[in-house]
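Below is one structure, written out as structure tokens; the observations come after it.
Readers should treat all values here as calculations from the given coordinates under stated rules, not as data from a laboratory. As the structure is a prediction and not an experimental result, all values here were calculated from the model. Cβ coordinates were reconstructed from backbone atoms using ideal geometry, including for glycine residues, and neighbour counts include every protein chain displayed.
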Amino acid sequence: MRETVLAVLRAAQGGYVSGEELSKRLRVSRTAVWKYIGALREDGYEIESSPRLGYRLVRVPDLLSPLEIREGLNTKIMGCNIHHFREVDSTNRLARELAEAGEPEGAVVLADRQTAGRGRLGRSWCSPEGGIWLSVILRPSIAPYKVQLVTLLAAVAAVEAARDAAGLVPGIKWPNDLLVGGKKLAGILTEVSAEMERVNHLVVGIGLNANVPAVCFSGELEDVATSILAETGQAFRRSDWVKAFLEHLEREYLFAQADGFHAVLGRWRKYSVTLGCDVNVALAERNVRGRAVDINEQGALVVETPEGRETFWAGEVSLREKRDN
Ligand code: BT5
């Protein structure tokens, strides 16, 4: 019902809608209308009321609620179910639990804060208020060795969503970091449930430091993390990024399932800040230095080393310097 009240107020584009009209449209009493308006105000919607003219929507808050994400979302699968929390331990953990209980492909878990956000290899992910902490459940019909490609696909969708929603185009550091000016703006953690031959489900988790003030990055993050707010000096509407991300993700994902990952890998190369750079690849047992020259058709990084070409499926890449030729 709240959703309908909001839709009617939105349709009036800043104009007044009388209490009588709302009560007719919703087929509820005017007292009930007043209650729904109260609930929307509690959520942060600024609604003016005038005894003669009725109600008018003045300002929409920066929320990640289903009400905001669904508004104008142009997807068929991504965002089919939206689970939003003010605070959760980890959206990836919860999404995995939901996926195991049969949640459909495209379902999304979103949080304003995480208390135990996860990075790769047991590392932790700092997830304060103002960021976007999102996990999406996918059930692709691909072989497990192709899962890395979905992470790369999500990185491309995240870059294009940042461009559309905030006018900022981050670079992608292989495999899963979005960088601006060498600092980390976002990270992606893909967790897999698979058998030998097939994937049961994937949880693609992305953390984007959207409107996180720079002061929130202290200690080891001070010099390595950044946010859209810190880069542009402006807060933006986080739901715009989520919608754009889900739309890009769906387009890329459906295309890749039908026609392969070739096109999205082309775009990944375009946004890459790794290719053409001298890199250090840290593996558990050794460090390799060389020049990153390409990613192969499975998304692995190809590095030209003094001993010849090597292909890396995993590893921590640090960028040394970019060569011009
Ligand atoms: C990642 O790991 O970059 C993947 C991060 C994925 C986070 C999302 S949030 C939604 C979903 N739910 C979860 O629980 N996780 C996912 P990795 O490459 O391992 O990078 C982790 C390292 O990045 C840490 O060790 C820190 O150095 C740094 N870091 C931690 N928090 C950061 C932040 N907010 N911004 C930038 N860097 C950060």
Problem set entry | Debye log10 I(q)/I(0) for the range 167-325, one point scatterer per Cα, at q = 0.19 Å⁻¹ | -1.39
Problem set entry | Relative frequency of Cα-Cα separations exceeding 17 Å in the range 259-324, percent | 39 percent
Exercise. For the chain, what number of Lys pairs, 8 or more residues apart or on separate chains, have alpha-carbon atoms under 27 Å from each other?
Worked result: 20
Seminar exercise, completed: For the range 51-90, shape from the Cα gyration tensor axes a ≥ b ≥ c, cut at a/c of 1.5 then a/b versus b/c, turns out oblate
Problem set entry | Where trypsin sites (Lys or Arg not before Pro) fall in DSSP loop in the range 119-200, at most 12 other Cβ within 10 Å | R123, R198
Problem set entry | Test item: Cα-centred dipole of the chain, Lys/Arg +1 and Asp/Glu -1 on Cβ, debye | 820 debye
Problem set entry | With Cα atoms, 0 to 90° folded angle of helix 262-271 axis to the chain main axis | 90 degrees
Seminar exercise, completed: In the range 57-186 the DSSP beta bridges are antiparallel at a rate, in percent to nearest 5, of 65 percent
Seminar exercise, completed: When L110, L26 are arranged by how many other beta-carbons sit within 10 Å of their Cβ, fewest first, they go L26, L110
Exercise. Cα-Cα pairs above 38 Å in the chain: how many percent?
Worked result: 21 percent
For this session: Return P(r) of the range 54-160 (all Cα-Cα pairs; 5 Å bins starting at 0; whole %; ordered from short to long distances).
Result: 2, 10, 17, 22, 23, 13, 6, 3, 2, 1, 0, 0
Problem set entry | Degrees between helix 147-166 axis and first principal axis of the chain (Cα, 0 to 90, nearest 10) | 50 degrees
Exercise. In degrees from 0 to 90, rounded to the nearest 10, what is the angle of the helix 91-100 Cα long axis to the longest principal axis of the chain?
Worked result: 90 degrees
Problem set entry | Per-residue HN-Hα couplings for the range 49-62 [Karplus 6.51, -1.76, 1.60; θ = phi - 60°; Hz; x = Gly/Pro] | 10, 10, x, 8, 9, x, 10, 9, 7, 9, 8, 9, x, 7
For this session: With a Förster radius of 41 Å, plug the Cβ-Cβ distance of R123 and S18 into 1/(1 + (r/R0)^6) and report the FRET value to the nearest 0.05.
Result: 0.15
